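A.B. asks: Sharing a structure with you now.
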Amino acid sequence: MNLRLSAAETWAPDGPAVRVIDAHTGGEPLRIIVSGYPVPQGRTILERRRDLIDNHDRLRTALMWEPRGHADMYGCLITPPVSDDADFGVLFMHNEGYSTMCGHGIIAVTTVVLETGMLPRAAPMPRLIIDSPAGKITAYARMSRGKVDSVRFENVPSFALALDQEIAVPGYGIVPYDIAYGGAFYAYVEASKVGLTCTPDHYRELIEAGQAIKEAIMTSVNIAHPFETDLGFLYGTIFIGPAESSAAHSRNVCVFAEGEVDRCPTGTGVSGRAAIHMARGEIDLNEPLRIESIIGSSFTVRVLRRCKCGPHQAIIPEVEGRAFMTGRSSFHLDSRDPLCHGFLLR
């Protein structure tokens, strides 16, 4: 075969190149955009999030949707910091839009910036301060031989918003639920209450039930963040079930955005879980809870301290997990391509 492999190096695309590093945390993908993306404008991270929504959303769909991504892709744009003491800012994106915080994303982006040398740190447990739309995040990496063994982060104040509620859901009857905030608002439901298990064999049924529950709550319950209107919406449904490992407390399956299923236990989701358990007096300060995902990967969450978030009794949770880089890519947006900005099939 006389194929000239070097010919690919001379190809000149008609359109900009966006360079990314792909990683995963507990199986959940994170596509980290490192260059070729417009710098979002705004004094705050929330203002920059709105700038992406209003002015650059076709780039999100180009990178998250097919043919470059898929229906469950998740992304992160690294931005300059807005806080004087922060190292950088992050804006998270997915199939539907832009999330307000992402625990698996914090773990992955911390791993990537340290292992690639994008943010040089020599200490065995470096500390990073990251501006997110939900607030400032402090992350710590356990490192050995230049590699990140795990990342733990102090999340934003998290709280239980509503406990022991019920909602009529078409097709499912009366469903008991709780609502908690851990950087995003979730409805928490025992999977057994809708006849399901938190396992891959109920994957499609969990999506359908999660979306139905979310829609029912959104139409009848007012969800407000005490400080930011942009944070006051129901992001998803988290189903809770028994753990399969004897070392774990329980299992989470998060159905969020437009029917995405988190492959990891959901960092913001386990933060909300900790707030619920704390509000019910079921755990103590610094008591670790290991929570599994739908594929058996796990995060450990603990409550560092109590605090207030507006009128709410809140906690500061700490979440720990592991991430790994999976590749680097340079994506091109060819203006001649009718599918340049992506499409989705479910």
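The values are calculated or read from the model by the stated rules, or taken from the named source; none is laboratory data. Just so we're clear, the structure is a prediction, and the values are computed from it rather than from any experiment. FYI the Cβ positions are ideal-geometry reconstructions off the backbone, even for glycines, and counts take in every protein chain you see. Keep in mind that these areas ignore ligands, DNA and RNA; they rest on the heavy atoms of the full protein, side chains included. Shrake-Rupley method; radii C 1.70, N 1.55, O 1.52, S 1.80 Å.
A.B. asks: What's the Kirkwood radius of the range 284-324 in Å, using all Cα pairs? Please report the intermediate quantities before stating the final value.
C.D. replies: Numbers: mean 1/r = 0.0864 Å⁻¹.
When all Cα pairs of the range 284-324 are included, the Kirkwood radius is 11.6 Å.
A.B. asks: Leaving out ligands, DNA and RNA, and with a 1.4 Å probe, what % of the accessible surface on the chain is carbon or sulfur?
C.D. replies: Numbers: 7550 of 14890 Å².
Carbon plus sulfur share of accessible area: 51 percent.
A.B. asks: Per residue, what accessible area does the chain have, given a 1.4 Å probe and all protein chains present, in Å²? Mind dumping the intermediate values first?
C.D. replies: Values: 14890 Å² over 346 residues.
On a per-residue basis, the chain sits at 43 Å².
A.B. asks: Determine, for each peptide in 20-28, 278-286, the mean count of other beta carbons within 10 angstrom over its residues, then list the peptides with the highest first.
C.D. replies: Details: 20-28: 23.0, 278-286: 13.4.
In decreasing order of mean packing, 20-28, 278-286 become 20-28, 278-286.
A.B. asks: Here's a follow-up. Given 0.36 nm per residue, what is the gain on full extension from His56 to Arg43 after removing their alpha carbon distance, in nm?
C.D. replies: Values: separation 13, 0.36 × 13 = 4.68 nm, distance 1.73 nm.
Answer, rounded to one decimal: 2.9 nm.
A.B. asks: Can you tell me how much longer the chain between Ala162 and Glu258 gets when fully stretched, taken as 0.36 nm per residue apart minus their C-alpha distance, in nm with one decimal?
C.D. replies: Working: separation 96, 0.36 × 96 = 34.56 nm, distance 2.35 nm.
My answer for the length gained is 32.2 nm.
A.B. asks: Still on this structure, please answer the following. If I model a spin label at Ile129 and Lys193 as a point 7 Å from the Cα along the Cα→Cβ vector, what separation in nanometres do I get?
C.D. replies: The modelled label-to-label distance comes out at 4.0 nm.
A.B. asks: At 7 Å along the Cα-to-beta-carbon direction for both Arg142 and Ser35, put a label point, then send me their distance in nm to one decimal.
C.D. replies: For Arg142 paired with Ser35, the spin-label model returns 3.4 nm.
A.B. asks: List the residues whose amide H sits under 5 Å from the amide H of Ala243, counting only those 5 or more places along or on another chain, with H placed 1.01 Å from N in the peptide plane.
C.D. replies: When sequence neighbours closer than 5 places are left aside, the close amide H contacts are Ser250, Arg251.
A.B. asks: Using DSSP, restrict attention to beta bridges with both residues in the range 28-93 and report what percent are antiparallel, rounded to the nearest 5. Don't skip to the answer; put the middle values down first.
C.D. replies: Values: 5 of 8 bridges.
In the range 28-93, DSSP labels about 60 percent of beta bridges as antiparallel.
A.B. asks: A follow-up question, please. Taking 0.36 nm per intervening residue step and subtracting the Cα-Cα distance, what contour gain separates Leu339 from Ser246 on full extension?
C.D. replies: Details: separation 93, 0.36 × 93 = 33.48 nm, distance 4.71 nm.
Working it through step by step, the gained length comes to 28.8 nm.
A.B. asks: Among Val189, His312, Gln41, whose Cα sits farthest toward the positive end of the charge dipole of the chain (+1 at Cβ of Lys/Arg, -1 at Cβ of Asp/Glu, about the Cα centre)?
C.D. replies: With unit charges placed on the Cβ atoms, the residue in question is Gln41.
A.B. asks: If you don't mind, another one. Picking from Met143, Tyr98, Ile130, whose Cα lies most toward the positive end of the charge dipole for the range 79-149 (charges on Cβ: Lys, Arg +1; Asp, Glu -1)?
C.D. replies: Farthest towards the positive end: Met143.
A.B. asks: Can you tell me which lysines have their Cα less than 30 Å from the Cα of Lys214? Leave out same-chain residues fewer than eight positions away.
C.D. replies: Within reach: Lys136, Lys193, Lys308.
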